[in-house]
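First the structure, in the form of structure tokens, and then the observations on it.
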């Protein structure tokens, strides 16, 4: 955690945790256990609402560390781990204020769509509103999916989309990977089952709850 007098999870530290969760989920396909190195015993219901699971093993070894650039000394505690350096997020509001209205998935999208992890950012309502509209669009597309089989060209487009998304995340560009998904869905009015399953797969590290909803729409039919 970025040092604070308050051990409650704030917006900036939530971003660090979401980035750790995102990159580990993308790499392994499984939800990782997260530990805050300055507050190992933090308990906060907002963690679960952000799709985060805490590690309680004080002797755990770390595979990945997301380190705030201004506090590089933290990296000394996680030798051998892959390091992602993160810039600062200067909030004008609080996590407690945003979660009830926007939900964990939208905040995760916001954190990851800001840009490269190592840059500094200011909280902007317009960007939050943009990813909220995108999440709503995906949800409605999932609700209205069709049973039709996509054309060969669409299936090829899906393969290409997955390659682009994986390549961009590998380059630590989750924002451009998300932009590729947004571009694919931009003019869509309906999605086939195959398209929904691919979108759910690609969005899973970004929006775990929404992705589960998309799969449930298909399995309930």
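Restricted to the range 119-132, and to residues there that are out of contact with any strand residue (DSSP E or B) (no Cβ under 8 Å at 6 or more places or on another chain) and outside any helix (DSSP H, G or I), the residue that is farthest from residue 165 (Cα to Cα) is 124.
Can you find even one residue in the range 133-144 that is outside any helix (DSSP H, G or I), touching a helix residue (DSSP H, G or I) at 6+ places or on another chain (Cβ under 7 Å) and modelled with pLDDT under 95? Scanning the range 133-144 turns up no residue that is outside any helix (DSSP H, G or I), touching a helix residue (DSSP H, G or I) at 6+ places or on another chain (Cβ under 7 Å) and modelled with pLDDT under 95.
Of the residues making up the range 117-132, those that are touching a helix residue (DSSP H, G or I) at 6+ places or on another chain (Cβ under 8 Å) and in contact (Cβ under 8 Å) with a residue 24 or more places away in the chain are 117, 123, 128, 131, 132.
The set of residues from the range 114-142 being surrounded by 12 or more Cβ atoms within 10 Å (Cβ to Cβ) and closer than 16 Å to residue 197 by Cα comprises 135, 137, 138, 139, 141, 142. In the range 155-172, is there at least one residue being modelled with pLDDT of 95 or more, within 18 Å of the chain's Cα centre (by Cα), on the phi < 0 side of the Ramachandran plot and assigned to a loop (DSSP other than H, G, I, E, B)? Looking for residues that are modelled with pLDDT of 95 or more, within 18 Å of the chain's Cα centre (by Cα), on the phi < 0 side of the Ramachandran plot and assigned to a loop (DSSP other than H, G, I, E, B), one finds at least one in the range 155-172, hence yes. I'd like the residue in the range 22-35 that is in contact (Cβ under 8 Å) with a residue 40 or more places away in the chain and in contact with a strand residue (DSSP E or B) (Cβ under 9 Å, 6 or more places away or on another chain) and, out of all such residues, is nearest to residue 68 (Cα to Cα). The selected residue is 23. Just the residues that are farther than 23 Å from residue 25 by Cα and surrounded by 12 or more Cβ atoms within 10 Å (Cβ to Cβ), please, taken from the range 149-187. Scanning the range 149-187 gives 150, 154, 155, 157. Among the conditions (1) farther than 16 Å from residue 207 by Cβ; (2) free of Cβ contacts under 8 Å to residues at least 12 places away in the same chain, residue 54 misses just one, which is (2). With respect to the conditions (1) surrounded by fewer than 17 Cβ atoms within 10 Å (Cβ to Cβ); (2) closer than 22 Å to residue 20 by Cβ, residue 190 falls short on a single one, namely (2). Going residue by residue through the range 70-89, is there one that turns out to be farther than 30 Å from residue 162 by Cα, in contact with a strand residue (DSSP E or B) (Cβ under 9 Å, 6 or more places away or on another chain) and crowded, with 17+ Cβ neighbours inside 10 Å? The answer is yes; a qualifying residue exists. Restricting the range 205-221 to residues that are buried (at least 19 other Cβ atoms within 10 Å of the Cβ) and within 14 Å of the chain's Cα centre (by Cα), the residue that is farthest from residue 26 (Cα to Cα) is 210. Being touching a strand residue (DSSP E or B) at 6+ places or on another chain (Cβ under 9 Å), outside the structural domain of residue 28 (by TED's automatic domain parsing) and surrounded by 11 or more Cβ atoms within 10 Å (Cβ to Cβ) is a description that does not apply to residue 53.
The values are calculated or read from the model by the stated rules, or taken from the named source; none is laboratory data. Please read these numbers as outputs of a predicted model, since none were measured by experiment. In this analysis, Cβ positions are derived from the backbone assuming ideal geometry, glycine residues included, and neighbour counts consider all displayed protein chains.
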